[in-house]
There are 2 protein chains.
Amino acid sequence: MKIIVDAMGGDNAPDVTVRGAALAAKEYGEDILLVGQPEAITAVLRAHGLENTEHLTIMPASDIVDMHDDPATVLRRKPDSSMAVAFKLLKAGEGDALVSAGNTGALLTGATLYGGRIKGIRRAALAPVLPCEGGEVMLCDAGANTECTAEMLLQFAFLASLYAEKNNGLKSPRVGLVNNGTEDTKGDPLRREAYALLKAAGDAGRLNFVGNVEGSQVPLGACDVAVCDGFMGNVLLKTVEGTAKFMAHEIKKVFTASAGTKIGYLLCKKGMDDFREMFNQDKVGGAPFLGIAKPVIKAHGSSNEIAVMNAVRRAIAYTKSGMIDAVKENIQYMTVE
Amino acid sequence: MKIIVDAMGGDNAPDVTVRGAALAAKEYGEDILLVGQPEAITAVLRAHGLENTEHLTIMPASDIVDMHDDPATVLRRKPDSSMAVAFKLLKAGEGDALVSAGNTGALLTGATLYGGRIKGIRRAALAPVLPCEGGEVMLCDAGANTECTAEMLLQFAFLASLYAEKNNGLKSPRVGLVNNGTEDTKGDPLRREAYALLKAAGDAGRLNFVGNVEGSQVPLGACDVAVCDGFMGNVLLKTVEGTAKFMAHEIKKVFTASAGTKIGYLLCKKGMDDFREMFNQDKVGGAPFLGIAKPVIKAHGSSNEIAVMNAVRRAIAYTKSGMIDAVKENIQYMTVE
């Protein structure tokens, strides 16, 4: 297996992408193609004594996509950028999956243009996982599609459910529709239409649809897959992140208030470290673009080397999972006449 | 001043509503009209030795609105319910403001029918406040209107801004538009249209519009007023609540893990109590319906007596604030031709 890593994408590239790729090559033993400026990549490898890392190959690309580039056009305008070259390698079959911490919009465009949507899938979705009570929940879509149809929400449900099943080993993942109440008449016309489609799929035994879920139920673990349009998903995801950060700040104030509270902190340190680890996005590594015919993983822009390594792990697992074939086999249940 | 309290509305009515009203009557010295079943109200007063509470008058109403009643029709179908009678008292000028912990949808219908919208206002909005880094943020709309126009979002911005100014003493409250990115081109057509209206109001010096805000920025204190449609507002509000609850559960696990962590907790108890207090919705009391010509306060369904007392405090402050007159004076800036 070969995993393509965009060495130049992300806030801390190429430093963390190169180190993360080297870590992954050592840890997982799969081939990694590092796409980017050879001098820059080599400099990082040398600085960290990683020149002789096995399974690591540099693929030259002279240009860089940055966060200010227009997502829709940049891959055409910058054909020699690391991201464009990475996608061309993916399309040519030179690699099995692609990992990038770069411009999300450009990645979505590239995934669609070069990876290609699975036949019958209307739009690709971005599906990160969030920690929640009792485990984790996959949010789909979390930002790829600002405006959605009910059929798209049905497809997001199937895509994330099949991913959770094939990648995370969940048996019949619980699928919830994010809504402003649990009753089946709740929501705007889009939600009511999507509810009917999801309910029918649930009744037919094709999805484990648990009904509408409120915003509060997502972090409290009411479902394994939370389905929403990308606008809502973006706001929901970031609201969880912001609330967690706000609370973490306040707890830090409590622990640093006095000599006594500092001792209190030391007594609870192990548990607080585990608690922090639960919200550590680095271990998650990245989020898949679902609905694309080849695995594409978006790592967080602010990824460190551990996050990049974990994104590669996720790409390897995704490639092996058979999830994309499962989507193809079930595509007739995901389309609305 | 007379505050009308729906004694039969809410999960724990009439017990907590009656006790909360009695507390408020003692604490604030304003007249309170307790609307509901006289025997039930009297029983609670007697059980708590509150029969002789000054400023407390019982107004009989034989029926009850419950959470299963259809919000749109219940006040007509149950004209003798405590909520319907309370609204008729408000309309007749027998009281200055109304507080209820009952069915939110029925309250919105009643507020619109009996309180009446301020001339020029398209729809009433529900505007709760949330704790955030550095203070609190008012969310408007948080659930009254599932589908909105850009003009409605503009009105929500003015309503919440004027409320924050007149009630909370904020000088030119910072108004943000909840969106999926901070750039001015972000969002769906509704958000882009609303952005243009808010930007124009900001440029004219009528609102302190700080631009688009992401979900993460709301709990992190980027604005004093967060404007959104009621569907998004409902999900955002509940996501904050659910995340806070999830994190509180996890922190509790940390503190109760061992004898050592329990000592750690005792050392930090004061700070942790303050921290919990920050997320205590009881002290907030309730959320105003904005855009209505008379003050109507929705207390949380699960309110305890302290929450009811604080909802009455909020109703008194709202009545005195002059906010409704300020809306009338500024109505020409809130309408789109």
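The values are calculated or read from the model by the stated rules, or taken from the named source; none is laboratory data. Here the structure is a predicted model, which is why all the values come from computation and not from measurement. Note that we place each Cβ from the backbone using ideal geometry, even for glycine, and neighbour counts take in every protein chain shown.
Inspect the stretch B:223-233 for any residue being over 23 Å from the mean Cα position of the chain (by Cα) and more than 27 Å from A:LYS186 (Cβ to Cβ) and give the result as yes or no.
Initial filter on the stretch B:223-233 (over 23 Å from the mean Cα position of the chain (by Cα)): none.
The answer is no, given that none of the residues of the stretch B:223-233 is over 23 Å from the mean Cα position of the chain (by Cα) and more than 27 Å from A:LYS186 (Cβ to Cβ).
Every listed requirement among (1) closer than 17 Å to B:PRO14 by Cα; (2) more than 21 Å from the chain's Cα centre (by Cα) is met by B:ARG76 save one, (1).
Restricting to helices (runs of 4 or more DSSP H) lying wholly in the stretch B:195-307: which have 3 or more residues that are buried (at least 20 other Cβ atoms within 10 Å of the Cβ) and within 14 Å of another protein chain (Cβ to nearest Cβ)?
Counting at least 3 such residues, we get B:230-255, B:259-278.
Every residue in the stretch A:67-94 that is buried (at least 20 other Cβ atoms within 10 Å of the Cβ), hydrophobic (A, V, I, L, M, F, W, C) and closer than 26 Å to A:GLU30 by Cα, please. Result: A:MET83, A:ALA84, A:VAL85, A:ALA86, A:PHE87, A:LEU90.
Filtering the stretch B:30-73 to residues that are of a type in the set (D, E, K, R), closer than 17 Å to B:GLY102 by Cα and modelled with pLDDT of 95 or more leaves only B:ASP63. Taken over the stretch A:68-94, the criterion of being in contact with a Ser or Thr (Cβ under 9 Å, 6 or more places away or on another chain) and outside any helix (DSSP H, G or I) is satisfied by A:ASP69, A:PRO71, A:ALA72, A:THR73, A:ASP80, A:SER81. Of the candidates A:ILE64, A:ILE4, the single residue that is in contact with a Leu (Cβ under 7 Å, 6 or more places away or on another chain), closer than 19 Å to A:HIS300 by Cα, surrounded by 19 or more Cβ atoms within 10 Å (Cβ to Cβ) and not small (Gly, Ala, Ser) is A:ILE4. In this structure, is A:ALA144 of a type in the set (A, V, I, L, M), out of contact with any helix residue (DSSP H, G or I) (no Cβ under 6 Å at 6 or more places or on another chain) and either assigned to a loop (DSSP other than H, G, I, E, B) or buried (at least 18 other Cβ atoms within 10 Å of the Cβ) (or both)? Against the criterion (of a type in the set (A, V, I, L, M), out of contact with any helix residue (DSSP H, G or I) (no Cβ under 6 Å at 6 or more places or on another chain) and either assigned to a loop (DSSP other than H, G, I, E, B) or buried (at least 18 other Cβ atoms within 10 Å of the Cβ) (or both)), A:ALA144 does not qualify.
Being touching a strand residue (DSSP E or B) at 6+ places or on another chain (Cβ under 6 Å) and either surrounded by 18 or more Cβ atoms within 10 Å (Cβ to Cβ) or in a strand (DSSP E or B) (or both) is the filter here; which residues of the stretch A:31-47 pass it? Walk me through it before giving the result.
Our first condition is that a residue be touching a strand residue (DSSP E or B) at 6+ places or on another chain (Cβ under 6 Å); within the stretch A:31-47, this holds for A:31-35, A:38, A:41.
Answer for the stretch A:31-47, where residues must be touching a strand residue (DSSP E or B) at 6+ places or on another chain (Cβ under 6 Å) and either surrounded by 18 or more Cβ atoms within 10 Å (Cβ to Cβ) or in a strand (DSSP E or B) (or both): A:ASP31, A:ILE32, A:LEU33, A:LEU34, A:VAL35, A:ILE41.
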